Amino acid sequence: MELFYALALIAGILLAFLLSVLIEASYHSFKTKAPPDVDQPSKFSFFNWLFTLIEILANKLASLGICKKHVFIRMFSHGLIARKASELLIKDLHFGEVPVRIYLPRSPSASKRRGVIFFHGGCGMYGSIRSHERICQQIAIKSDSVVVSVGYRLSPEYGYPTQSLDCISATIHFLKTAENHGVDPDRIIVCGDSAGGTFATAACQDLLNRTDIPKIRAQLLIYPFLQAINLNLPSHQKNASSGLLTLKRLINFILMYLRKDCSLMEDILAGSHVPESINLKYRKWIHPDLIPEKFKQRYKPPLPASYIPQVHEKMKETFEMRFSPLLAEDAVVGRLPDTCIITCEHDVLRDDGLLYKKRLEDNNVKVTWYHIEDGFHGVLCFLGYGIFSFPSASKIMDHIVNFIKGC
């Protein structure tokens, strides 16, 4: 009988715990209204509620010392195991010490194929080769290209800039050994979504002066993160709480990725980490005035930030080119390869893409730009999940394939 009461007590505590999580998640989701013009608002709202639920549960388990927050979220970020496409030969290899998965079309080719090296998103802490399996398979099949998906090491176990360095290392290896995989070394494209887009363009910038390897043919950046100097741009304000990637989540992920104290969030949001000298230096590249007027509806200039030297010192990594590729000098940007940038309207990072597009064009780099009016950050990761997918993800994939075919 005592055992029965003990089990009943435990069950009651667990039930109360789960009920409190459900109520809290529903409350936060209720406050976050889906934009009426987002792709399938009801489905979007459901996934927003689900992500909020996972996040709240992760926070509670971390506070109880049961499981670290990033470890718990990773359990869900990998997604379901994808069916292997019969049209592809799939190999798991290592480029040096970096694990990769290669997708090779089985159909014969009259000449060497294009190569696409893909860096998955996930803030440098989440995601994996598995989480982007469906995306890479579709790219390989639809563009008839050899795709290399890179499994770079994740933060916080491996601190910044390990992720970027792993991506650069894998890119160098692929450029040197492309012909071993039936790839023309002069037709290799680097590609990535979100943080993967950061790593892709950082790799392009980093390898510009290398003369011992072939030049990268093009870069393809899908809603990339490109700077942390100004987090009060029009897209940050417009989408601060309306997407799966809210502004506070973005800053929280930045702090977690860099292994900083999350209590710095309000200071970063206010811009207290940026001295006036840096604001003046980079306003020619990062400023609301550079955003087209149609993207500045309801934008309100923020109050001047109070600079805090201690915060600047703690966040000095955010001013490095590998972390904020938008800060690269014109001498670097002007030598970058042909570029495709895909932005989504309902994305806090939308304006990063718009600003980079302008910088590239101002430096006479050929840019192809696609803007998904009903898209949101991370939507491509829902590709291939049947009724749980979004039409905007298919639009993005079509744009990806069209660009690759033109290279």
Residue count, the range 106-140 (criterion: over 21 Å from Leu165 (Cα atoms) and touching a Lys or Arg at 6+ places or on another chain (Cβ under 7 Å)): 1
Residue match in the range 246-265 (condition: outside the structural domain of Tyr152 (by TED's automatic domain parsing), closer than 30 Å to Asn402 by Cβ and not in a helix (DSSP H, G or I)): no
Looking only at the range 329-364, and only at residues there that are in contact (Cβ under 8 Å) with a residue 24 or more places away in the chain, in a loop (DSSP other than H, G, I, E, B) and charged (D, E, K, R), the one that is surrounded by the most Cβ atoms within 10 Å (Cβ to Cβ): Asp347
Close pairs (6 angstrom Cβ cut-off, 6 or more residues apart or separate chains): assigned by TED's automatic domain parsing to the domain that holds Ser392 and closer than 30 Å to Leu258 by Cα in the range 135-155, aromatic (Phe, Trp, Tyr) and outside any strand (DSSP E or B) anywhere: Val148/Phe174; Ser155/Tyr257
Some residue of the range 275-293 being buried (at least 17 other Cβ atoms within 10 Å of the Cβ), in contact (Cβ under 8 Å) with a residue 12 or more places away in the chain, closer than 30 Å to Lys69 by Cα and in contact with a Pro (Cβ under 9 Å, 6 or more places away or on another chain): no
Given (1) farther than 28 Å from Gln237 by Cα; (2) in contact (Cβ under 8 Å) with a residue 24 or more places away in the chain; (3) among the small types (Gly, Ala, Ser), number of the condition Gly375 does not satisfy: (1)
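Okay, residues lined up against (1) within 24 Å of the chain's Cα centre (by Cα); (2) within 25 Å of Cys407 (Cβ to Cβ); (3) not aliphatic (A, V, I, L, M):
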| residue | (1), (2), (3) |
| --- | --- |
| Asn48 | yes, no, yes |
| Leu53 | yes, no, no |
| Leu61 | no, no, no |
| Cys67 | no, no, yes |
| Ala85 | no, yes, no |
| Pro105 | no, yes, yes |
| Ser109 | no, yes, yes |
Check on Thr246, within 24 Å of the chain's Cα centre (by Cα), touching a residue at least 60 places away in the same chain (Cβ under 8 Å) and surrounded by 23 or more Cβ atoms within 10 Å (Cβ to Cβ): no
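Do we find that Ile188 is crowded, with 24+ Cβ neighbours inside 10 Å, more than 22 Å from His377 (Cβ to Cβ) and either in the same structural domain as Thr368 (by TED's automatic domain parsing) or touching a residue at least 60 places away in the same chain (Cβ under 8 Å) (or both) in this structure?
For Ile188, the condition - crowded, with 24+ Cβ neighbours inside 10 Å, more than 22 Å from His377 (Cβ to Cβ) and either in the same structural domain as Thr368 (by TED's automatic domain parsing) or touching a residue at least 60 places away in the same chain (Cβ under 8 Å) (or both) - is met.
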Test: residue in the range 140-162 that is acidic (Asp, Glu) and assigned to a helix (DSSP H, G or I): no
Given (1) more than 25 Å from Pro35 (Cα to Cα); (2) buried (at least 19 other Cβ atoms within 10 Å of the Cβ), number of the condition Pro304 does not satisfy: (2)
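The values are calculated or read from the model by the stated rules, or taken from the named source; none is laboratory data. Treat the numbers as computed from the prediction; the structure is a model and nothing was measured. No Cβ is skipped: glycine too gets one built from the backbone with ideal geometry, and neighbour counts run over all protein chains shown.
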